[in-house]
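First comes the structure, then the notes that go with it.
The values are calculated or read from the model by the stated rules, or taken from the named source; none is laboratory data. This is a predicted model, so every value here is computed, not measured. Every residue, glycine among them, receives a Cβ derived from its backbone with ideal geometry; neighbour counts consider all protein chains shown.
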Amino acid sequence: MSAATSIAELLAAGRDEAPAIAAPGRMPLTYAGLRRLVTDTVATLNRLGIGRNDPVAIVLPNGPEMAAAFVSIACGATTAPLNPAYRADEFDFYLGDLDARALVVERGSESAAIAVARQRGVPIVELVADPAGPAGAFVLEGTATGAAGATGLAGDDDVALVLHTSGTTSRPKIVPLRHRNVAASARNIRVALGLTPADRCLNIMPLFHIHGLIAAVLSSLGAGGSVFCAPGFNALRFFSQLGEARPTWYTAVPTMHQAILARAERNREAIAASPLRLIRSSSASLPPQVMRALEETFSVPVIESYGMTEAAHQMASNPLPPRPRKPGTVGVAAGPEVAIMDELGPDLLPQGEVGEVVIRGDNVTAGYAANPEANAKAFTDGWFRTGDQGMLDAEGYLTITGRLKELINRGGEKISPREVDEVLMDHPAVDQALTFSMPHDKLGEEVAAVVVLVEGSSAVEQELREFVARRLADFKVPRRIVFLAEIPKGATGKLQRIGLAQRLGISA
Ligand code: AMP
């Protein structure tokens, strides 16, 4: 069989009666059921006037319906999953930027997105779940708004998923991922982890982020295996979920692994009773001590991988045994080609030299939507520039040594510092603001800001934090705000976020 180039083709891997999507206290949705759900969902969307490449914003709690909605809506339209924790201002930006044709929410939902969609004239489509039915099964209900442009099943060239990426510009950029990109990424992860129909992933990752959508959901479905969808991550419940889900693996960000480890001692029996085959870590750097402790605790290989939204997630991965895992590295190219480019470009650097990590392959986005300027910067000679700095060793293992882009990686959650600057500067007492990353022992990085007040004005840290929290989701709110008479400049006299925490001597 040739490799699948669309989500609909990926789903063909599962036997009719095999479980595809499972959840706590629910009977699983089989592959036959999921394929039916896809057919029904595409027909409903088309009837509502929504077709291929029409952006559909999805705001759903984590769980089986979100997984099923992503997979089935992507087969007939373009999915745009949004973080349910966003504030109204953020929903307003995203719904407008996406030019969303509809907003999907659960019936009875009280999301702030609903009022914003109404104001913007974006039709609401209600997802009606059946708690007594198989995990994830739903029907969509809404009012038709004209005829759909391109009806029927999406193919390899149609856009399956759009996500925003926090970039160096003030506003996040739209990353369109075509069916062929996400199908390639799902295959790359399946191959790297040796996934088969016998595998079951316990998903604890948010399903508005590329990691959970592709590494947990699509890679499992492309292998004909199953994904057990927990209602998000809860370190207290994780061990009982192991017992109910009987997974063979899970994938998470390092902070989740640390929270799990912190409770592992008390849960030795649960761990022994539900043996895994592997644990995967991605989206932020995994400290080697955490990797070692996880391997000892669960007696399985811990596979650190390197992913990015623009790559439909996976770029590199440590290999499964018997090939060696190298702690502190993100492994070898695992799908796309990976090279190191001179920071000026376009020369590629030899092994052992530090430069910008660049990638090329069928999982990589063709470019940001409607943003020629960003695309001119992001692509050089057909290579996509990740904005990460790294080095390849003699065996082709990649070490991430730093970052050239300005984003803050808060335990895997990415924050665009300029977005926070803009909100701070809207406060009447703030004259200038510069948001930056400060070291944090658990999260790796945390959000901090320096603020210069308007002469004669006063404001305290708490007041500014509350001001930001009204407009931005909690994870973007600076944990520390330092008041200074002027914004410190780097050696070159320019404002420099990178290294600022160190120069100011602050950490969380
Ligand atoms: P996202 O688009 O949210 O997946 O974020 C992608 C970024 O996360 C990458 O460009 C890296 O900066 C960072 N990242 C992902 N995986 C790792 C890893 N294993 N180690 C270090 N940084 C990582």
Review point. Do you know which residues across segment 142-161 are farther than 9 Å from Ile50 by Cα and either within 13 Å of the ligand (Cβ to nearest atom) or not in a strand (DSSP E or B) (or both)?
Key: Gly142, Thr143, Gly152, Leu153, Ala154, Gly155, Asp156, Asp157, Asp158, Leu161
Practice item. Please go through segment 107-141 and pick out each residue that is of a type in the set (Val, Ile, Thr) and outside any loop (DSSP other than H, G, I, E, B). Key: Ile114, Val116, Ile124, Val125, Val128, Val139
Review point. Looking at Phe228, Phe239, which is the one that is crowded, with 24+ Cβ neighbours inside 10 Å, over 17 Å from Ser72 (Cβ atoms), modelled with pLDDT of 95 or more and away from the ligand (no atom under 16 Å from the Cβ)?
Key: Phe228
Practice item. Search segment 368-390 for residues that are closer than 18 Å to Ala316 by Cβ and pair each with any residue that is in a helix (DSSP H, G or I) and within 15 Å of the ligand (Cβ to nearest atom) when their beta-carbon atoms are under 7 Å apart and the residues are at least 6 apart or on different chains. Key: Phe384/Glu310; Phe384/Ala378; Arg385/Ala378
Study note, to complete from the structure: Pro254 vs (1) within 14 Å of the ligand (Cβ to nearest atom); (2) surrounded by 19 or more Cβ atoms within 10 Å (Cβ to Cβ); (3) without any contact (Cβ under 8 Å) to a residue 60 or more places away in the chain: all pass except (3)
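For residues that are out of contact with any helix residue (DSSP H, G or I) (no Cβ under 9 Å at 6 or more places or on another chain) and near the ligand (Cβ under 10 Å from one of its atoms), scanning just segment 386-399, find the one that is farthest from Val364 (Cα to Cα).
Restricting to residues being out of contact with any helix residue (DSSP H, G or I) (no Cβ under 9 Å at 6 or more places or on another chain) and near the ligand (Cβ under 10 Å from one of its atoms), the top hit is Thr399.
So that you can scan it fast, the table gives a plain yes or no per residue for (1) modelled with pLDDT under 95; (2) β-branched (Val, Ile, Thr); (3) in a loop (DSSP other than H, G, I, E, B):
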residue: Ala32; (1), (2), (3): no, no, no
residue: Arg36; (1), (2), (3): no, no, no
residue: Asp40; (1), (2), (3): no, no, no
residue: Leu45; (1), (2), (3): no, no, no
residue: Gly51; (1), (2), (3): no, no, yes
residue: Ala67; (1), (2), (3): no, no, no
residue: Phe70; (1), (2), (3): no, no, no
residue: Gly76; (1), (2), (3): no, no, yes
residue: Thr79; (1), (2), (3): no, yes, no
Check your understanding: If we only count helices (runs of 4 or more DSSP H) wholly inside segment 214-292, which ones have 3 or more residues that are within 26 Å of Asn83 (Cβ to Cβ)?
Key -> 219-222, 238-245, 254-262
Study note, to complete from the structure: Restricting segment 400-442 to residues that are under 21 Å from the mean Cα position of the chain (by Cα) and among the polar types (S, T, N, Q), the one nearest to the ligand (Cβ to nearest atom) turns out to be Asn409
Practice item. Mind counting the residues in segment 348-401 that are surrounded by fewer than 16 Cβ atoms within 10 Å (Cβ to Cβ) and on the phi > 0 side of the Ramachandran plot? Key: 5
Study note, to complete from the structure: In segment 1-25, residues that are touching a Cys at 6+ places or on another chain (Cβ under 9 Å) and either modelled with pLDDT under 95 or not small (Gly, Ala, Ser) (or both) total 4
**Study point:** Scope segment 383-442; condition of a type in the set (Gly, Ala, Ser) and either within 26 Å of Lys489 (Cβ to Cβ) or not assigned by TED's automatic domain parsing to the domain that holds Val477 (or both); matching residues
**Key:** Gly387, Gly390, Ala394, Gly396, Gly402, Ser416, Ala429, Ala433, Ser437
Exercise for review: Answer yes or no: is there a residue in segment 288-302 that is more than 14 Å from the ligand (Cβ to nearest atom), in contact (Cβ under 8 Å) with a residue 12 or more places away in the chain, closer than 21 Å to Leu404 by Cβ and out of contact with any His (no Cβ under 7 Å at 6 or more places or on another chain).
Suggested key: no
Exercise for review: Pick out the one residue from Pro319, Pro346, Pro324 that is in a loop (DSSP other than H, G, I, E, B), more than 12 Å from the ligand (Cβ to nearest atom) and in contact with a Ser or Thr (Cβ under 8 Å, 6 or more places away or on another chain).
Suggested key: Pro346
Study note, to complete from the structure: Condition set among the β-branched types (Val, Ile, Thr) and crowded, with 20+ Cβ neighbours inside 10 Å, scope segment 443-459, selection nearest to the ligand (Cβ to nearest atom): answer is Val447
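Being among the hydroxyl-bearing types (Ser, Thr, Tyr) and part of a strand (DSSP E or B) is the filter; apply it to segment 389-448 and report the residue that is farthest from Leu500 (Cα to Cα).
So, considering only residues that are among the hydroxyl-bearing types (Ser, Thr, Tyr) and part of a strand (DSSP E or B), the one farthest from Leu500 (Cα to Cα) is Thr399.
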